[in-house]
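These notes concern the structure reproduced below.
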Amino acid sequence: MFRMVKTEIWKLKRYHMIWAGVFLMLLSVLLTLFSTTALDGTVWTFSFFTEQVIKNNVTMIFPMCIVLIAGYIIEREAKDDTLKSILTIPVSYSSLLWGKLLVCALLSLLFGLVSAAFTVIADLMIGFPGISVTSILQTFIQIVFNCLFLYIGVMPVIAFAARIPNGHMIGTIIAFVYGYGGMFASGNAALANIYPVTASLGLISYRSYDSAVHWNVSTCLFSMIAALMISAVFVFTAKGNVPVKKAKKGKKAIAKKGW
């Protein structure tokens, strides 16, 4: 498994799709900056700005981003016509999927670091009050771990889409709706702790200082474990979708008429 993960990491150098993930992390921060222009009386501080970036990551950007990239990485073996060659080696398709999913988990941590860095840079440029070494450290910890927990929350979508030929775009659409549903789930305390997307917020103590916010860490953790178990079922029962190429029919020679 270690060699498989190492090989997948080397393959990442060829995938320009990773830069799309970096751009989407920047987009989340830019959307938050745009919302600061609203004259609604909101007092913006560095901590509040970080919270809004996390909210945008959870509900709009990250689930779609990581499912799109993970699906692309998984689909490349079929697109490049290397899957059937890999499966001739004594490596099961489920082991191949686990290797790719582990690499995507590392990518989620990387995107979390990128998102946190963009958040800090944006604050330094705009000048929101309340920034300090402690708050910067808290920002990195919360955003990075939130991205990891979000990835675990959407793993069933990735594993399900991997069972469908060219299913990564279907998975991306499902992930967008799945993430957007977190907005509605957050309105109910019990549902927010169960729904995997919002449960990721509970595991990083998002706005835990607010008396109106109640997180049950045990329930949130159970939600993550359930997502992992569902993913495991999808992965272990998956079969490699090797595309079958139709042989081209040879052109028949047309006999000339006459002498």
Q: From the P(r) of the range 2-236, can you give the percent of Cα pairs sitting at distances over 23 Å?
A: 49 percent
**Q.** Sites ASN216 and VAL177 - FRET efficiency at Förster radius 30 Å, r taken between beta-carbons, to 0.05
**A.** 0.75
(Q) If you average the C-alpha positions of the range 201-220 and of the range 4-38 separately, how far apart do those two centres end up, in angstrom? (A) 27 Å
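All of the numbers you see were taken from the coordinates with simple rules; none came from a lab. Note that the structure is a prediction, hence the values are computed from the model and not measured. Backbone-built Cβ (ideal geometry, glycine too); neighbour counts: all protein chains shown.
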